[in-house]
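Peer 1: My questions all concern the structure below.
Readers should treat all values here as calculations from the given coordinates under stated rules, not as data from a laboratory. These numbers were taken from a predicted model, which means no experiment stands behind them. Because the Cβ atoms are built from the backbone with ideal geometry, glycine has one as well, and the counts that use them run over all protein chains shown.
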Amino acid sequence: MQKVLIIGDGIVANCTAVMLINNGFKPVLATFNSDSHEKKHEKKIDRFFSINLLSKIFFQKYGIWQGIADDAVVPYNKIITWDSLQDEEVNFESREISHKFLGYIISESALTKSIAAILDESNIKKKNFNENQSLLNEYVLSDLENTGTNNYDYVIRTKNNDLFEKEFSKSSVTDYKQKAFVMNVCTKTKTNHIAFQKFSNGQIFGLLPIEENKYNLIWSMNSDLHKKINTLDISKIIDILNREISDQIGIVDKISEPITFPLFGYITKLVSKNRVINIGSALHSVHPLAGLGLNMGIQDLFILNKIIEKNNQFIDQSSLKKFSSQITGINKKIYHTINFLKYFYSDLTFSKTLRKISLIAFNRNSMLKKSIIRNATGLDTFEIFNK
């Protein structure tokens with residue numbers, strides 16, 4: 001029975017523990033109790049995730065989906081995308097891939113509650129560390145150097161950690177030069193299980209339906225505009241939203257207090273080194289315009305799980321080499337595609353005429369749209385690794 005230390009305190013870390021214990025491993029979750037760490041992760045509002053079809057399959061496999069209350073899951077079957085330059089919408093619909101839904105909106109609290117119940121039932125061991133003390137360094141760095149210590153057979157990092165920046169440098173770093181407001185938006189019109197995305201003068205509005213008359217909005221923009229809007233009162237922000245998006249979602253009459261997040265992207269150069277494995281945000285970060293952040297982490301886990309199963313529930317250097325070669329190409333493709341889309345839609349120096357022509361051509365290419373949907377929902381990955 002291999003013993004694995006999991007570094008991280010989020011959904012991907014906890015899902016890693018659930019996956020490993022179901023494959024006969026002995027996972028240990030690293031926990032932290034420093035005041036600064038807890039304050040760092042304090043949240044003012046509940047976050048929402050768009051769960052794609054591959055993530056749902058993973059959650060179902062390990063009983064996580066079954067532990068989420070039905071009324072905590074909001075499915076959507078259509079994404080309407082529009083641009084301030086174009087006269088027509090670009091629609092992505094679940095029927096184009098012969099599925100009932102494209103994805104599901106679930107709050108972070110509902111998801112973590114279900115995972116926590118499984119962790120408690122499984123009695124997964126937790127080991128407490130102070131994030132800045134040498135003990136964690138000792139465990140991980142000894143495994144990085146492969147010095148033969150018996151602390152753990154493997155260490156899985158699920159979060160970006162400055163302690164190991166030297167050992168795991170980034171092969172690609174993108175400063176999106178944007179910040180995002182996250183807020184809940186109430187409207188006078190029903191959501192009808194439709195998600196929306198608008199691109200307008202360097203801004204990106206992503207709207208996920210979370211209740212009958214409510215959306216979760218991620219609104220990204222350049223830092224100067226963010227600074228200006230951040231000084232406005234709520235009523236002025238509502239006025240801006242109504243000018244920008246009310247033509248699609250109806251009149252906005254109330255919003256929650258906006259929360260700000262900086263936006264940056266990266267790909268970590270090494271997927272693994274000796275007995276240390278990177279997944280989730282230890283491996284990548286992308287712009288939120290496609291809603292794939294958490295889904296990319298679950299995709300890492302899905303592929304690692306398939307490799308472990310084919311290797312008789314065992315991790316070795318040969319299986320890690322396969323994991324590294326397979327996950328690297330997939331993550332790079334997503335990362336560079338999202339970066340291109342961000343540039344294409346929000347870089348104001350990009351030719352407006354070319355952008356308009358490209359959007360019209362894309363909207364008429366049903367095969368290309370279907371391919372993009374299959375990639376975004378994870379169906380292609382599922383079929384490739386489920387053979």
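Peer 1: Could you give each residue of the range 93-110 its phi-based ³J(HN,Hα) in whole Hz, using Karplus coefficients 6.51, -1.76, 1.60 with θ = phi - 60°, and x for Gly or Pro?
Peer 2: Coupling constants for the range 93-110: 10, 5, 5, 5, 10, 6, 10, 6, 10, 8, x, 9, 9, 9, 6, 4, 5, 5 Hz.
Peer 1: Do the sum for the chain: with -39,500 (n - 2.57) for every DSSP H run of n ≥ 4, divided by all residues, what is the mean residue ellipticity at 222 nm, to the nearest 500 deg cm²/dmol? Working shown, then result.
Peer 2: On the way: 12 runs with 155 residues, N = 387.
Helix contribution divided over all residues of the chain: -12500 deg cm²/dmol.
Peer 1: Now for a different question. Just for the chain, what percent of DSSP beta bridges are antiparallel, to the closest 5?
Peer 2: 70
Peer 1: What FRET efficiency do you get for Asp253 and Ile384 if R0 is 45 Å and r is their Cβ-Cβ distance, rounded to the nearest 0.05?
Peer 2: 0.50
Peer 1: Taking the Cα centre as origin and putting +1 on Lys and Arg beta-carbons and -1 on Asp and Glu beta-carbons, what dipole magnitude results for the chain, to the nearest 20 debye?
Peer 2: Charge dipole of the chain: 820 debye, to the nearest 20.
Peer 1: Also: Non-local amide H neighbours of Ile277 (under 5 Å, H modeled in plane, Pro and chain starts lacking H): which ones?
Peer 2: Answer set, sorted by chain and number: Val155, Ile156, Arg157.
Peer 1: Per residue, how much space in cubic angstrom lies within the convex hull of the C-alpha atoms of the range 246-387?
Peer 2: 172
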